[in-house]
Amino acid sequence: MLKVKNISIQYYQPVLNIEELQFSIGLHIIEGESGSGKSSLLRCLALCEKTCQEYIWNQKTVQNIHNFKKEHIGFLNQHPIFIDALTINDHIQLMNKVYRYQNVDNYVQNLELTGLLKKYPSQLSGGEKTRLGLLLLLLKQPEILILDEPTSSLDLSMTKRVIQILKDYSRHHIVIVASHDQELINHGDNIYTIENQTIHCKKQHFNKDIPIPTHKAHYLSAFFLSTRLLKKHGIYTFFTYIFISLSLFITSSGLSLLLSSSVAKSSPLTSIYENEILIYKPITQSKNLSYSSEGIEYPLTNDEVSRIQNIPHIQSIYPDYSLNMGALEKISDPIPLDNSFQEANTMTVSLDAKENTTPVHSSFSQALLCSYNEAIDYSQDIETQFSYEPNGIYISQALANELQIIPANNQYYLTFYIMIPTYQGYGDAYIPFQNEDGSYQSEGYPVLRLFGKYQKVTLPINGILKKVNMGISPNTEFNYNKIFIPQTYIQQLIKENAIHKDITYYWSDHYNQYMTFLEKEDSSQQMMICKPYQPTIYKAQIDSIENLPHILEDIHQLGLTTINANINLSQIQQYSQNTNETLFILSTLVFIILIIIYNMTLYLKKETNLQIYYFLQSYGYSFLEIRTTIRNLYFYNSLFSSFLASLFTLIYLYVIGPLFQYPIHLHSIIFFIIPTITFFTIFIIPYFIFYFIIRKEGAHDSIKSHSY
């Protein structure tokens, strides 16, 4: 039972003054001349305007107007409000997600809306809009259904259908209709006429007072609303979000590089320059002499190696191997004056590892034997990868050309003499002092002589290098022939052939050679002490090239010399910083322009926001509830943009980036930056634009003025 007391409606002059109206279950018809106040009375009964003193439902005065209107009242005026960006089917699905009415298809068929489901509201006639508005209200199943001229724009056939629907619905609900349609008036249980600013009952029929069923409403799906709004201008909206998300990814990438704790970690420096250092003891500190690869340098002591290991940011240190072919002298007794090994530079390429295989090509060429660490990825230095055979070697491009190795599906093998150092001779060899005019003095710098053995080996050629090096190695001339041998393999050979005792040699003038003893007729006092071999050069791995200057300084303080990528780190870091800043500024400008265009578009399409607002208001939603729905709508839009930008980031990291030799290494902070920027640009700004539009249009004030 609905009872309304002390209704007073006036605009420029009094329109209606009614002491009391009450409605029970049934179809109630209100008739009257145009301008008599029928629509104003309906708005009062629908709680759209505060024009009554007391509103009583089931003998209880209604206190919370908004909740009651939302839960119990359905009101359809002569001009129903819809959202132009949603199809008819979208409207039905949106409201059915709220009210979850089971027999929605029956209403769709009875109101002949099946053929209109894919159309938009702007494509509908007045009668079709009325039928759609009635359908949406019936999904709500309100206890009080209030309609203003529902059959005015319908043909006779559809009018009869609507009347039957209203009659069926009024059996368990209160239905109040204002109408001039005599066909509809004739079916009314109660008929009221407005005359002389008051209302009179022409026909009265009391239906049995039965409990009115309630229909629980669920939360409005802002996510569903968001996805359907995106569909209206599908291609335009899709590309808008694609461009925004792409520029968001680029902007976030630039910002992540700037905010990273290390420029080196967030830039390609680590990829371009290997995190390796070669360390050796120079022949003299007074001259800038490079590493000879002849075995003449003095070995590092255990104490020096230990102190290097204790330098911060050095991850590992191990012996390196770098010797020119023929630099090793054969250890023997006696040691002749000419102690070179004539076949040291002989190399043979074959297609099989067997020694009796017919060679593809042979060469007598000077080459440098080096070692590489199997645990390190040198793929950026490799031009052609033949295989990954155990103990496989890599050769420089120049040597491959000289050996006439053609990249193909063949597995090549190289037969050569590997040098295994066993002794270092002290006290015999010198490098003479060089004067400023280029002449040499008789005295010189003491150096070592390297002794050992040559072992013929046949090893698979795993690949050809792009240029000369695998990582950092001495003697980096472009055309230098180099062979890189696995470090574990060469160190195992050195270990297997190691000798743990000293040998003292004496120079014999009589025999013109070194001997382990002297004849009586020899009077020379020249001795050479041969000690077991110790490495003369080490390779260290560092954690980041950013720490390289500090590491080099600590090593140089030990009196040692280093070989690295020979870069000016500070200049490269500054260049990288400038590049990152430029990238960030340009991408930010593009992003800002896109965001401005995006939000200007939202403002210019403010009708959509207002339609959403008034549409939800017509179903009893309060300003706070509508604001929450719109807020969630923009929040889902920001999530969508953030998802796309994060997807672009993942595609770059795992698909596009690996295709480049030196990809930009993005910091993980980017996955925090993306949602943060999106939150402010796609959520906060559009939400305040919506709030500004509502304020400007006065919708917020209007809903307040209608509340009790």
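Tabulated data
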read-out	value
Options 12, 55; residue that is of a type in the set (Phe, Trp, Tyr), touching a residue at least 24 places away in the same chain (Cβ under 8 Å) and farther than 23 Å from residue 182 by Cα	55
Top-ranked residue in the stretch 295-339 [being of a type in the set (A, V, I, L, M) and assigned to a strand (DSSP E or B); ranked as farthest from residue 552 (Cα to Cα)]	335
Hey, residue 137 of a type outside the set (Gly, Ala, Ser), touching a strand residue (DSSP E or B) at 6+ places or on another chain (Cβ under 8 Å) and in a helix (DSSP H, G or I) or not	yes
Number of positions in the stretch 98-118 that are without any contact (Cβ under 8 Å) to a residue 24 or more places away in the chain and of a type in the set (Val, Ile, Thr)	1
Hits in the stretch 489-507 - residues which are part of a loop (DSSP other than H, G, I, E, B) and over 24 Å from residue 456 (Cα atoms)	501, 502
When residues of the stretch 429-467 are limited to those that are of a type in the set (D, E, K, R) and more than 28 Å from residue 371 (Cα to Cα), the one modelled with the lowest pLDDT	443
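Residue-wise test of (1) small (Gly, Ala, Ser); (2) surrounded by fewer than 22 Cβ atoms within 10 Å (Cβ to Cβ); (3) in a loop (DSSP other than H, G, I, E, B).
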residue	(1), (2), (3)
380	no, yes, no
387	yes, yes, yes
405	no, yes, yes
416	no, no, no
419	no, no, no
426	no, yes, no
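Conditions tested, residue by residue: (1) among the aliphatic types (A, V, I, L, M); (2) assigned by TED's automatic domain parsing to the domain that holds residue 623; (3) within 22 Å of residue 617 (Cβ to Cβ).
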{"residue": "12", "(1), (2), (3)": "no, no, no"}
{"residue": "15", "(1), (2), (3)": "yes, no, no"}
{"residue": "18", "(1), (2), (3)": "yes, no, no"}
{"residue": "29", "(1), (2), (3)": "yes, no, no"}
{"residue": "43", "(1), (2), (3)": "no, no, yes"}
{"residue": "49", "(1), (2), (3)": "no, no, yes"}
{"residue": "53", "(1), (2), (3)": "no, no, no"}
{"residue": "60", "(1), (2), (3)": "no, no, no"}
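The values are calculated or read from the model by the stated rules, or taken from the named source; none is laboratory data. Keep in mind that what you see is a predicted model, and the values were worked out from it rather than measured. Note that each Cβ is placed from the backbone with ideal geometry, even for glycine, and that neighbours are counted across all protein chains shown.
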